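As structure tokens, the structure follows; a few thoughts come after it.
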Amino acid sequence: MAPKRQCSLQSQTKKPKLPAAPEQVNSSASLGLPKGEKEQQEATEHIDEVQNEIDILNEQASEEILKVEQKYNKLRQPFFQKRSELIAKIPNFGVTTFVNHPQASALLGEEDEEVLHYLTRVEVTEFEDIKSGYRIDFYFDENPYFENKVLSKEFHLNESGDPSSKSTEIKWKSGKDLTKRSSQTQNKASRKRQHEEPERFFTWFTDHSDAGADELGEVIKDDIWPNPLQYYLVPDMDDEEGEGEEEDDDDDEEEGLEDIDEEGDEDEGEEDEDDDEGEEGEEDEGEDD
């Protein structure tokens, strides 16, 4: 026999074990129904019972998946650490990764990029209970913009499911607070990024208005952090456009040469026809003589 505690848990979650009274009411109510409708009603009730069983299994699966995810998060940590050490050997890895990412780059102005040249690494730490949130840490070398060595932003989900966030206070050096600069400097002609209401990268640290829909936080955690190399290796679009223009110029030159050759062939054909006509005229004169 199953322990009583287990049975009580199931009775709280699983509602298909309906009391006898409601079932009797339903069955008595269905007595006056035509046979086809009665069968449909009974089938609907059974579907509801089966669906509840499925929901219970889904809840159990979620708990198991969570345990597996926690296990593999711990197993990934040494590899994340090794990757961070290797990234530190590559100059401007962080800024290049963010500039090449289509969503992250939309928040970067010219001065934001300058600051990110001092970024040495980014780390994402999921809390032990994954469902409760995560933290993003940005590590910086000494720079002329702020005193902090590390800037962090945390995302939390409380027991009632309400999201919230908090972050490090940025200790800006005198006259270097980028969050107070005009948003007009956000646009950069040499980049392909446009946003209707541009938000600066560093104002993101102080924006806690909608922690449940923080696009940049989700992009870093779910896209950049798992594999930053894919964005570091993205070729520069300006270079690609330049190469494309050169290829187009080469194609135009080749087409021009082909046209010249074709025109030359046509001219030669016309000359040959003229020569043939001249020869025929000479032969005709010879016959007359």
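The values are calculated or read from the model by the stated rules, or taken from the named source; none is laboratory data. Predicted model, so just to flag it, every value in this text is computed and none were measured. So basically every Cβ, Gly included, is an ideal-geometry build from the backbone, and we count neighbours across all protein chains shown. Ligands, DNA and RNA are excluded from the accessible area calculation, which covers all protein heavy atoms including side chains. Shrake-Rupley method; radii C 1.70, N 1.55, O 1.52, S 1.80 Å.
Miscellaneous remarks
- Pair list, Cβ < 6 Å and 6+ apart or interchain, from the stretch 156-168 residues that are open to solvent by less than 60 Å² (accessible area, probe 1.4 Å) to residues that are part of a loop (DSSP other than H, G, I, E, B) and modelled with pLDDT of 80 or more: 165/208
- Some residue of the stretch 129-150 being basic (Lys, Arg), open to solvent by less than 30 Å² (accessible area, probe 1.4 Å) and either over 19 Å from residue 73 (Cα atoms) or without any contact (Cβ under 8 Å) to a residue 12 or more places away in the chain (or both): no
- Test result for residue 119, in contact with a helix residue (DSSP H, G or I) (Cβ under 8 Å, 6 or more places away or on another chain), under 15 Å from residue 205 (Cβ atoms) and without any contact (Cβ under 8 Å) to a residue 40 or more places away in the chain: yes
- Flag if residue 125 is within 23 Å of residue 151 (Cβ to Cβ) and at pLDDT below 95: yes
- Restricted to the stretch 51-82, and to residues there that are β-branched (Val, Ile, Thr) and surrounded by fewer than 11 Cβ atoms within 10 Å (Cβ to Cβ), the residue that is nearest to the chain's Cα centre (by Cα) is 68.
- Cross-chain or 6+ apart pairs with Cβ under 9 Å, the stretch 39-54 first and in a helix (DSSP H, G or I), then modelled with pLDDT of 95 or more and surrounded by 11 or more Cβ atoms within 10 Å (Cβ to Cβ): none
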